[in-house]
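What follows is a short report on a single structure.
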Amino acid sequence: MKIGLDFDNTIACYDTAFGQVTDEWNCVTADTPRTKLGIRNHLRSVGNEETWTRMQGHVYGPGMQYAKPYPGVADAVQALRAQGHEVFVISHRTRKPFLGPPHDLHAFARDWLTNSIQHQGAPLFGPDQAFFEETLPQKIARIGSQGCDLFLDDLVDVLRHDNFPATTRGVLFDPNREHVAEDNAGFKVIHAWDQLAQFLPR
Ligand SMILES: [Mg+2]
């Protein structure tokens, strides 16, 4: 099978990255929850949307040093390849931040993928196995042109996109169990990487 994987918030976890950047920048009050949502809500509540926008450009750039792979990513990818499946990354993010220094956000993502997702010291995704698109429609088109039999993503909007290929089985990655179980028409839901194999033929 051909298996496509989303990158941000599916492979790369930012749960603690926003808190670490926030502490570096000293830009919220001491009682603000150090979560992405808590930080965003605080900055918005004090009318500082600009800092929030800059922070996103930073976290997906140099701040990727604080991103961590979700547990089991490399093991799962290695196991799928060992079973003969083709596995690649298909992601979309803007090339440059909306505000702040003009980092190449695609380059930061590729470098992180190369350095952070490895098996026995070797990167699991070469340049021809990772596709970083700039828009959601381009990402959806890539899922189709790569002929994915299965695609894993943390966003319902991707799996339910009008042009999401009918021949691709969508799987939602929901590590924090935020998705309402009843609202899963058209796709499966997993909560951890070691649950992905259950959808594959043995
Ligand atoms: Mg994502």
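The table below lists the values:
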read-out: Unique residue being open to solvent by 20 Å² or more (accessible area, probe 1.4 Å) and either away from the ligand (no atom under 16 Å from the Cβ) or of a type outside the set (S, T, N, Q) (or both) when the list is ALA12, ALA17, ALA67, ALA74; value: ALA74
read-out: Of the criteria (1) under 28 Å from ALA130 (Cβ atoms); (2) crowded, with 18+ Cβ neighbours inside 10 Å, which one CYS27 fails; value: (1)
read-out: Residues being open to solvent by 40 Å² or more (accessible area, probe 1.4 Å) and in a helix (DSSP H, G or I) - total across the range 46-57; value: 4
read-out: Condition check for PRO201: part of a loop (DSSP other than H, G, I, E, B), open to solvent by less than 40 Å² (accessible area, probe 1.4 Å) and either farther than 20 Å from PRO71 by Cα or not assigned by TED's automatic domain parsing to the domain that holds ALA76 (or both); value: no
read-out: Hits in the range 125-139 (condition: over 11 Å from GLY4 (Cβ atoms) and surrounded by 19 or more Cβ atoms within 10 Å (Cβ to Cβ)); value: PHE125, PHE132
read-out: Given (1) crowded, with 17+ Cβ neighbours inside 10 Å; (2) free of Cβ contacts under 8 Å to residues at least 24 places away in the same chain; (3) not in a helix (DSSP H, G or I), number of the condition ILE3 does not satisfy; value: (2)
read-out: Yes/no for LEU43 being away from the ligand (no atom under 16 Å from the Cβ) and not in a strand (DSSP E or B); value: yes
read-out: Residue list for the range 20-40, filter: more than 16 Å from the ligand (Cβ to nearest atom) and either within 30 Å of ARG142 (Cα to Cα) or part of a helix (DSSP H, G or I) (or both); value: GLN20, VAL21, THR22, ASP23, GLU24, TRP25, GLY38, ILE39, ARG40
read-out: Options PHE132, PHE187; residue that is closer than 29 Å to ASP104 by Cα and in the same structural domain as HIS92 (by TED's automatic domain parsing); value: PHE132
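This table checks each residue for (1) closer than 20 Å to LYS2 by Cα; (2) open to solvent by 20 Å² or more (accessible area, probe 1.4 Å).
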position	(1), (2)
ALA109	no, no
PRO123	yes, yes
ALA141	yes, yes
GLY147	yes, yes
LEU159	yes, no
ASP162	no, yes
VAL171	yes, no
ARG177	no, yes
ALA197	yes, yes
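The values are calculated or read from the model by the stated rules, or taken from the named source; none is laboratory data. Here the structure is a predicted model, which means the values were calculated and not measured. Heads up, the Cβs are rebuilt from the backbone with ideal geometry, glycines too, and the neighbour counts pull from every protein chain shown. The protein model used for the area step is the full one, side chains on, heavy atoms only, and it has no ligands, DNA or RNA in it. Shrake-Rupley method; radii C 1.70, N 1.55, O 1.52, S 1.80 Å.
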